[in-house]
1. Measuring from label point to label point, each 7 Å out along Cα→Cβ, what is the residue 189 to residue 167 span in nm?
2. Using label points projected 7 Å from each Cα along Cα→Cβ, tell me how many nm separate residue 181 and residue 226, to one decimal.
3. Mind giving me the FRET efficiency for residue 3 and residue 234? R0 is 41 Å, r the Cβ-Cβ distance, nearest 0.05 is fine.
4. For a quick check: with amide H placed at 1.01 Å from N, whose amide H comes under 5 Å from residue 148's, ignoring anything fewer than 5 positions away on the same chain?
5. So who's got an amide H within less than 5 Å of the one on residue 96, skipping anything under 5 residues away but keeping other chains? H placed 1.01 Å off N, in plane.
6. Restricting to DSSP H runs of at least four residues, report the calculated mean residue ellipticity at 222 nm for the chain, -39500 (n - 2.57) per run over all residues, nearest 500 deg cm²/dmol.
7. Taking the Cα atoms of segment 5-168, what is the range of coordinates along each of the three principal axes, in descending order and whole Å?
8. Using modelled backbone amide H atoms (1.01 Å from N, in-plane), which distant-in-sequence or interchain residues come within less than 5 Å of residue 86's amide H?
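Since every read-out is calculated from the coordinates, none of them should be taken as a lab result. Since the structure is predicted, the reported quantities are computational estimates derived from the model, not experimental observations. Neighbour counts are summed over all protein chains in view; Cβ atoms, including those assigned to glycine, are modelled from backbone coordinates with ideal geometry.
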Amino acid sequence: KHVRKIALVGAISSDAVHEQPEGMPPADYLSGGGSGHTSANGWDIVRADTAIARRAKQDGIEVMAQNVFGDFDNERFFKIINEADLNIYIAATTATEGQDRNQLFLDMYANEMIGYMAEAGPTVVLMQTPGVVVLPWRNHENVSAIMNLFLAGEKTGVAWANTLFGDVSPSGKLPVLFPKTHALTVQPTQGLHIPYSEGMFGSYRSPQVEAMTAYPFGHGLSYTTFAYGRPEQVPLSECESAERAWSGSSPLK
C-alpha cells in the first residue's frame, strides 16, 4: 500500500529482432525464431507498460515508463528510478532455430541496468526468456523479487500485470536448472564437435549440483504460505457431504 510511484524500465515492447540463419522467421521477445515462430498481429499485442499502467491506475499508482529501445533517455532513467517507490525492470532475451545462444546473459545491458535500479531502491525483475539465463544480481539486497516467463506471446503484458498485482498467483515451477555462472554449463563451440565429458552427471545429476545452482529444477514460489503437518485419520462420519462440481448427484464423502 505504500507504493504510489513505479518506475517501469526495460524491454517494454517486442521490437528486438535477433540475427538468425537466412530464411528463418525472426526471433523476438514474445516468440522464438525459426520454423516454430508465431507472429502476432500488432493490434493484438498488449504492451507491458499499457497493461501494468492500466492495472496500477485501479490502485491509484502512477507508472513512469522508459523503453530501452529507440531513443533511450539516460537522464530521465536516473530521474524516475530515484523518484519511484518501486523499480521494475523487464529483462529479456530470445533464441532461434539453427544456432545456439552464444551466452546466457539477458539482452540490452540488463545486468548493468538492474544494478543501477537496485542501488536506487527496491527492485522487481520480470524476465522473458527462451530458457536458462545467468543472473549475477540475484542476491542484491534490493532485488526483492524475480519472475520468469518463458516466451509467452501477445498477452505477455497482461500476464505481467495480473501477477504483479496479485490477481493471479505465480504458481509455475522451473522445468530447468538455472546455473550460477556460465562456467557451470556446457560451453558453446564454433565447430560440430562438443565434448560432454561429464557424461550423465550434468545439471541436476552433478555431484556439485548445490554449488552450481542458482535456482533448482522445480523451484517456484507463490503468494501463498504453505505449512505441512502430521496427517491424521478422521472417521468418515465427520466428513461433510457436498454436491459434485461436475454433473451428477452423488455427494462427495
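1. 4.9
2. The answer from the label model is 3.3 nm.
3. Using R0 = 41 Å, I get an efficiency of 0.40.
4. Answer set, sorted by chain and number: 127.
5. Result for residue 96 returns 33.
6. Mean residue ellipticity at 222 nm (helix-derived): -5000 deg cm²/dmol.
7. If we take the Cα atoms of segment 5-168, the spans are 46, 33, 31 Å.
8. Counting only residues 5 or more places away or on other chains, the set is 5, 7.
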